[in-house]
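Here's the structure, in structure tokens; my notes come after.
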């Protein structure tokens, strides 16, 4: 009984230690599962993104989550801020700097969708052949899904 | 009390050990990774496509400095210790000169006259939709669809071919999943004086640290 009690204490300690070590190493804020809090953070980020006036601003857009990750260089290192992507509101509530970046992301995304639609539609109506790439044969089903979801 | 002390000592020891193992890993990641994005890099660089390394590029201004940059990238990533999984390194191929997306294109380079921020270049990626992953017979998420924006005004003002090639190598490095890197010579230095003392101008190929970074992006 004593041995299993000691084992349990040590096991619990090790698990907690691992979580602590991960936290300290990655400086990760343990995720707040509240969606409302997350949206509040995104809104605040868009109001005060801390973006520099000049310099490279690289972005990654996740259309499914509706968020844009903006990376910029400041104080000798890259920093990333997460912004909400709400073009239907004209990015209301966002700073001018954030709106500029989000408009760039929107233009880039719209172009991607438009050009990909043209490509996949041509494949589906037979005016363009489905080509293999690096020995990999594509799947027509993917073209059908893309056109169904994105192309009017 | 004894139980508490036992707990405290086990917790303390395990935390220290955990930190000793994790901190170096995180330090490497922090230098090379792009960050906590959904899914980094390019499908045809990944395990899903057997690390083929073939990257098809659409550019709206095909030029010899682009292809010169691709040659430098391949030469400095082929047959290397850090990128042993890629049989031919990173093999970038000019696919079209309209700069238009298609299912075959992995990366797009667009030269823009009125570049919004004045930066020499930027990288804007979209997470590939699940239907694109289905098209190439793999599961979602399956990588990014990146566009490199090159400031055309700046480009036209750069007289040195090496500088233009270095810019292409740097910006396409972001497309491959790399962040800026400032603690050693790297194609991902950004040229500023507070990033590796501006030594970016001395770098004309992927360095060991860049190759380590690429290897880390594609598990």
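The values are calculated or read from the model by the stated rules, or taken from the named source; none is laboratory data. Since we're looking at a predicted model, the values are computed, not measured. Glycine also receives a Cβ, built like all others from the backbone with ideal geometry; neighbour counts cover every protein chain displayed.
Just wondering, is there one or more residues in the stretch B:60-83 that are under 30 Å from residue A:122 (Cβ atoms), touching a strand residue (DSSP E or B) at 6+ places or on another chain (Cβ under 9 Å), part of a strand (DSSP E or B) and modelled with pLDDT of 95 or more?
Within the stretch B:60-83, not a single residue is under 30 Å from residue A:122 (Cβ atoms), touching a strand residue (DSSP E or B) at 6+ places or on another chain (Cβ under 9 Å), part of a strand (DSSP E or B) and modelled with pLDDT of 95 or more.
Please count how many residues of the stretch A:97-118 are within 23 Å of residue B:56 (Cα to Cα), free of Cβ contacts under 8 Å to residues at least 12 places away in the same chain and surrounded by fewer than 19 Cβ atoms within 10 Å (Cβ to Cβ).
Result for the stretch A:97-118: 6.
Of these, B:134, B:153, B:138, which one is farther than 29 Å from residue B:208 by Cβ, away from chain A (no Cβ under 11 Å) and surrounded by fewer than 23 Cβ atoms within 10 Å (Cβ to Cβ)?
B:153
Is the stretch A:95-111 home to any residue that is part of a loop (DSSP other than H, G, I, E, B) and more than 8 Å from every other protein chain (Cβ to nearest Cβ)?
Looking through the stretch A:95-111, at least one residue is part of a loop (DSSP other than H, G, I, E, B) and more than 8 Å from every other protein chain (Cβ to nearest Cβ).
Against the conditions (1) farther than 16 Å from residue A:58 by Cβ; (2) within 11 Å of another protein chain (Cβ to nearest Cβ), where does residue A:78 fall short? Just the number, please.
Among (1) farther than 16 Å from residue A:58 by Cβ; (2) within 11 Å of another protein chain (Cβ to nearest Cβ), residue A:78 violates only (1).
Quick one: would you say residue A:119 is closer than 24 Å to residue B:115 by Cβ and outside any strand (DSSP E or B)?
So residue A:119 fails the test.
Quick check on the stretch B:204-219: of everything there that is more than 23 Å from residue B:65 (Cβ to Cβ) and part of a loop (DSSP other than H, G, I, E, B), which residue is farthest from the chain's Cα centre (by Cα)?
B:219
Which residue pairs have Cβ atoms under 6 Å apart, sit 6 or more places apart or on different chains, and have a first residue in the stretch A:128-139 that is under 18 Å from residue B:45 (Cβ atoms) and a second that is modelled with pLDDT under 95 and surrounded by 15 or more Cβ atoms within 10 Å (Cβ to Cβ)?
A:134/B:52; A:134/B:54
Go through the stretch A:61-75 and give me each residue that's within 11 Å of residue A:102 (Cα to Cα) and facing chain B (nearest Cβ under 9 Å).
A:61, A:69
Check off (1) facing another protein chain (nearest Cβ under 8 Å); (2) at pLDDT 95 or above; (3) in contact with a strand residue (DSSP E or B) (Cβ under 6 Å, 6 or more places away or on another chain) for residue A:146 and give me the number that stays unchecked.
(3)
Kindly indicate which of A:141, A:128 is surrounded by fewer than 17 Cβ atoms within 10 Å (Cβ to Cβ) and either in a strand (DSSP E or B) or at the interface with chain B (Cβ under 7 Å from one of its Cβ atoms) (or both).
A:141
Determine, yes or no, whether residue B:179 is in contact with a strand residue (DSSP E or B) (Cβ under 9 Å, 6 or more places away or on another chain) and at pLDDT below 95.
Spelling it out, residue B:179 is indeed in contact with a strand residue (DSSP E or B) (Cβ under 9 Å, 6 or more places away or on another chain) and at pLDDT below 95.
If only one of B:53, B:121, B:99 is free of Cβ contacts under 8 Å to residues at least 60 places away in the same chain, in contact with a helix residue (DSSP H, G or I) (Cβ under 7 Å, 6 or more places away or on another chain), facing chain A (nearest Cβ under 10 Å) and under 18 Å from residue B:152 (Cα atoms), which one is it?
It is B:121.
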